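Each remark here refers to the structure printed beneath this line.
Read the figures in this text as sums done on the coordinates, not as results from a lab. Please read these numbers as outputs of a predicted model, since none were measured by experiment. As a convention, Cβ positions derive from the backbone with ideal geometry for all residues, glycine included, and neighbour counts pool all protein chains shown.
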Amino acid sequence: MSFINKKKIKVMFFACFLMSISLFSSRFFLKDKLITENQLEQNNVRNLFKNAFEIGKSGNHNDAILAYSKVIESDPNNYQSYFNRAWHQGEIGNLNEAIIDYDIAINLNSGDYKVFYNRGYEKFYNGDIEGSCSDFLKAYDMGDYYALNELENYCYKYV
């Protein structure tokens, strides 16, 4: 092998080495950038949720519904936002909307008895006694002993 060929091989090897370092570092920094963007997005959702919660505490149900809708736009899997928006919907008499939000909350987190209890009331006020009693019974079975009062007061009369 001639001296020129060895030199070309060394240059090509060095060039490949530099390219691999460049690709590795750009991938590394890209990963950091994605993590940072994800953290910013999570912080944004957290801030939107805090804002919605504060609006809700003020008793302004319509504005709270709009604020929770913004949280849901940013994070469609935010169980707590559906739960809270449903509660505010119920407070202003939007029973069907409240039930829909509780349904979504149950699909996202079926392990919370409070959502069954609350949906039971919305169904009761909407005239769905059987559905209401079913939700109260589910809440009771999950450990919500307050639901027993509703079962005794509203459901055993209709069963």
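Observations, loosely collected:
- FRET efficiency, 1/(1 + (r/R0)^6) with R0 22 Å, evaluated for Asn149 and Ser58 via beta carbons: 0.15
- For Lys123, a cut-off of 16 angstrom between C-alpha atoms picks up these aspartates and glutamates, skipping any fewer than 8 places away in its own chain: Glu91, Glu97, Asp101, Asp103, Asp135, Glu150.
- For the cross-link pairs Lys70/Lys138; Lys50/Lys114; Lys57/Lys114, the ones whose C-alpha atoms lie over 26 Å apart are Lys70/Lys138.
- Cα pair distances in the range 46-159, grouped into 5 Å bins until the bin that holds the longest one, percent each: 2, 14, 22, 21, 19, 12, 7, 3, 1, 0
- Protection proxy ranking of 108-117, 146-155 - average other beta-carbon atoms within 10 Å, highest first: 108-117, 146-155
- Protection proxy ranking of 122-131, 92-101, by the mean of other Cβ atoms within 10 Å over each peptide's residues and highest first, is 92-101, 122-131.
- The listed peptides 66-74, 42-50, ordered by packing as a protection proxy, come out as 66-74, 42-50 (highest mean of other Cβ atoms within 10 Å first).
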